[in-house]
Amino acid sequence: MRLRSVRPLLAVLAVALLAACTGTPDGTGTSSATPSASASASQGTTAAPAPDTETTVPAPSPSAPPAPKAGLGAGNAELAIMVKPSPAEPAENYTLVCRDGLPTAESKHPTPEAACAALKNNAALLSPAPRSKDVACTEQYGGPQTATVTGIVDNTPVDAGFARTNGCEIGAWNAAHDVLGASGGAT
């Protein structure tokens, strides 16, 4: 007899739990699979999906921090610099740490004073604006040297590559000459 009275109670509890599980995360109780929700979506109104809803649209990339503007900066930097004179030669590696435009004792760089001063005078030195597609570069070869600079300048991440394979790249290399080292890898 007692079992008969528990079964209806379990059935009511199961229905209540099922109803609670089919509601939306915001607690409105209307599932996105109901005709009213799909009808409103087909009428051109789009609602943002709940944060835990799976979609077929990829998430947007995190936005990059704004590049520093050309001109005076704070002169703070922590950089790893690798200059490769040629593909067959070993890379030269430097560390540059600047505070207020002056090198710290941690710097292992051929000309740290000049490099820190260059970064303080032009905060965007290692983060140039992308070259426009309608800018032509002279077809000249400056040498096989390549360089990579990674780290932070004035709280902005830096990941810059340099080469000397055309006039535009030679210009960028020459602008960053002091940061790339005494000879900048160029011979």
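Modelled spin-label separation between Asp159 and Met82, with each label point placed 7 Å from Cα along the Cα-to-Cβ direction: 1.3 nm. A simple rule links phi to the HN-Hα coupling: the Karplus curve 6.51 cos²θ - 1.76 cosθ + 1.60 with θ = phi - 60°, which for the range 139-151 gives 8, 9, 10, x, x, x, 5, 9, 8, 10, 10, 10, x Hz, with x for Gly and Pro. Rolling a 1.4 Å probe across the protein heavy atoms gives the range 74-187 an accessible surface of 52 Å² per residue.
The values are calculated or read from the model by the stated rules, or taken from the named source; none is laboratory data. The model shown is predicted, which means the values in this text are computed figures rather than measured ones. Positions of Cβ are generated from backbone atoms using ideal geometry, with glycine treated the same way; all protein chains shown enter the neighbour counts. Areas reflect the complete protein model, heavy atoms only, side chains present, ligands, DNA and RNA absent. Shrake-Rupley method; radii C 1.70, N 1.55, O 1.52, S 1.80 Å.
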